[in-house]
Amino acid sequence: MKYLSWAFVAMFVTAVVVLSWQYLQAKAPHAISAVHYKTVGQLPLPPGFKREPVAKGSFGEWLRTIPLKADNTVYLYNGEKKRNQTAQYAVLDISVGKKDLQQCADAVIRLYAEYLYASRQYAKIAFHATDGTLMDYSSWMKGYRFPVKKGRLQKQLIAKPGQGDACFAEFLQTVFSYAGTLSLSKELNNVNSPAAINIGDVFIRGGSPGHAVIVMDIGVNHAGQKTFLLAQSYMPAQDIHILQNPASNENPWYQYNGGKLLNTPEWIFDWNQLMRF
């Protein structure tokens, strides 16, 4: 074992813990689903907590308005059911597309970009590709595209100017194709303390393999302790879903327990991997 890298050992431990939890979940009765709640902001908090106030027009306020599907099943991009149906508490009513593109980091990008688009902050819709190329929506609307030449993306004016939902959707497909956890982790800022966690923050490990989940909502109690919801997509591309908490079959809310690790159904993060747009 002394010759194995720390990263390999961490990945091995993560796999063992995740698989063990999935096995136990498969054997145990499923937790009550959230199909009768219409939005993220309607999901009930644990006793003693209330929703933390957010600024009007903020990313946090927008995340709480995202509708939930009545069907609590997670489907892949090709219409097939995801093999593991124990990880989700609720499913966001957001399209996954018809290609294997909208995976973990892409889901985070999708939510933030959709918020900026809905609030008409077009100039802020910009994400780097893994090769470092900045893909910005302002340029895209002017007709710039990002074809691959000599192994890198090249920004070129090769299309007609455009705007609207179809134009935006096409831009996102390009971003999903060339961005990932590695590029996104370089764009985000570190959150210095777990106590400072906020709606819209991201737990992310950049790399291959890597993973990312996003904080969808937050509650706080009288002692100032916070509780939060997480959402993810995964591989293959699949419906974005609110995660169950492996530590509790009663509710999907997480809390900081003073440790170094955050256990989610299909990945284990370090608390120092908490970042923010």
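Among what's in region 83-94 and is open to solvent by 10 Å² or more (accessible area, probe 1.4 Å) and assigned to a loop (DSSP other than H, G, I, E, B), pick the residue that is nearest to Cys167 (Cα to Cα). That would be Ile94.
Among the residues of region 95-131, those that are without any contact (Cβ under 8 Å) to a residue 12 or more places away in the chain and either in a loop (DSSP other than H, G, I, E, B) or of a type in the set (Val, Ile, Thr) (or both) comprise Ser95, Arg120, Gln121.
Taking region 139-158 as the range and being assigned to a loop (DSSP other than H, G, I, E, B) and either surrounded by 12 or more Cβ atoms within 10 Å (Cβ to Cβ) or within 20 Å of the chain's Cα centre (by Cα) (or both) as the test, the residues that pass are Gly143, Phe146, Gln154, Lys155.
Determine, yes or no, whether Asp136 is more than 15 Å from the chain's Cα centre (by Cα), acidic (Asp, Glu), open to solvent by less than 70 Å² (accessible area, probe 1.4 Å) and closer than 14 Å to Ala237 by Cα. So Asp136 fails the test.
Modelled with pLDDT under 95, surrounded by fewer than 16 Cβ atoms within 10 Å (Cβ to Cβ) and out of contact with any Phe, Trp or Tyr (no Cβ under 9 Å at 6 or more places or on another chain): which single residue out of Lys27, Lys50 fits that description?
Every option except Lys27 fails the conditions.
Taking the conditions exactly as written (surrounded by 16 or more Cβ atoms within 10 Å (Cβ to Cβ) and more than 19 Å from the chain's Cα centre (by Cα)), does Leu45 satisfy them or not? The answer is yes for Leu45. For region 121-133, the tally of residues that are over 21 Å from the mean Cα position of the chain (by Cα) and open to solvent by 70 Å² or more (accessible area, probe 1.4 Å) stands at 1. In region 210-219, is there at least one residue being without any contact (Cβ under 8 Å) to a residue 40 or more places away in the chain, surrounded by fewer than 21 Cβ atoms within 10 Å (Cβ to Cβ) and over 14 Å from Met275 (Cβ atoms)? No: region 210-219 contains no residue that is without any contact (Cβ under 8 Å) to a residue 40 or more places away in the chain, surrounded by fewer than 21 Cβ atoms within 10 Å (Cβ to Cβ) and over 14 Å from Met275 (Cβ atoms).
The values are calculated or read from the model by the stated rules, or taken from the named source; none is laboratory data. Since the model is a prediction, treat every value here as computed from it, not as a measurement. Cβ: placed from backbone, ideal geometry, glycine included. Neighbour counts: every protein chain shown. In case anyone asks, the SASA skips ligands and DNA or RNA and just uses the protein heavy atoms, side chains included. Shrake-Rupley method; radii C 1.70, N 1.55, O 1.52, S 1.80 Å.
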